[in-house]
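Just so you know, all these numbers are worked out from the coordinates, no wet-lab data involved. Every value quoted in this text rests on a predicted model; they were computed, and no experiment measured them. With ideal geometry, Cβ positions are generated from the backbone for all residues, glycine too; neighbour counts draw on all protein chains shown.
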Amino acid sequence: MAAEGLHVLMEAMVDSNIFTGYNVGMNAPVSVSHLQFADDTPLMGTKSWANIRALRAVHVVFETIVEKIPFLYLGLSEILGCSENKSISMAEMWEWRRPLRAWEEEMLGECQTLLLTVSLQDHYSDRWQWQPDLEGGYTVRCAYHLLTELEAVPLGAAAGLIWHPQVPLKVSILAWRLLRDRLPTKANLITRAILPSGAHLCVSGCGAVESAQHLFLSCSMFGSLWSHVSSWIGSSLLTTQTLPDHFVQFTSSAGGSRGHRSFMQLIWLACVWVVWTERNHRLFRGSADTSLHMLDKIKTFSYR
Ligand SMILES: [Zn+2]
């Protein structure tokens, strides 16, 4: 019965040009606005804000007709103002018909982080807002500036050091993710509610929270690799606080020639690769290498 109600509603929306269906066929296109299966009614239409507003309206109307609404994957209307569940968190509002895959969990986590500060209000009607410019609204120029500035702030000169002709792509991609703090460290997984908050400990047993900064710089076990590397190369030990700064300073710490810099760049990339691999082996295989063994791996890597 609920499906029938939705069918009538969609027909009326299309008839009065509130909702534009999706055209199928080339010569005499047929407009499809929804399909009905036993327990599923996917709605489809052209990609436009008008259609999203129309679907939101359908959602609200439909919600008053049936209690349990089948808008499970739409998401957008859940985000933009579900009328009844104001006090429950975003995480609880989402229901899934099958368990999420790992990459979906990760995307959901990111989405939830974005929505953390969103609170639904009774007295305001829904509207679209471009946060960086509340008065002028969205412009491509504004978005472009925002994206290019975002890029420059956290990485700076380190961004230019990620790629290296003798370094395998997978290692550079690891560094790219690391410098943006996008690796699935325990701290990051807890932020995304993938791990429970008690599961924060560094795998080395040092007792600290496993963040990227900790694992790659300050950990008493993994961080000690840098002092082995420094005494092997004969460069001074660095005390920088952030990974991008560390990368930049390490690269120039053995002298100014281009060859030196290129070699140091390669060593830094090898270090983070070896640290991350060792961390994963300890976590998932239960094996453990000493930091001197890790140094040997870095030497092997650098002579390839
Ligand atoms: Zn540690």
Looks like region 91-198, by Cα gyration tensor root eigenvalues a ≥ b ≥ c and the a/c under 1.5 rounded cutoff (else prolate when a/b is bigger than b/c, oblate otherwise), is oblate
Roughly speaking, what is the stretch gain from D15 to S224, that is 0.36 nm per residue apart minus the C-alpha to C-alpha distance, in nm to one decimal? 68.3 nm
Computed over region 185-304, the distribution of all Cα-Cα distances in 10 Å bins, rounded to whole %, is 13, 44, 30, 11, 1
How many nm separate the modelled label positions at S197 and Y303, each set 7 Å beyond the Cα in the direction of the Cβ? 5.0
Can you tell me how region 160-253 classifies by the Cα gyration tensor, rounded, prolate or oblate, using a/c under 1.5 as the rounded cut? oblate
Fewest to most Cβ atoms within 10 Å: S257, S262 sort as S257, S262
R53 versus M107, label points 7 Å from Cα toward the beta carbon: distance in nm? 2.7
When Lys and Arg each count +1 and Asp and Glu each count -1, what net charge do the other residues less than 13 Å away from S253, Cβ to Cβ, add up to? 0
With θ set to phi - 60° and the Karplus curve 6.51 cos²θ - 1.76 cosθ + 1.60, what are the ³J(HN,Hα) couplings of region 188-197 in order, to the nearest whole Hz, using x for Gly and Pro? 5, 5, 6, 4, 8, 6, 8, 9, x, 5
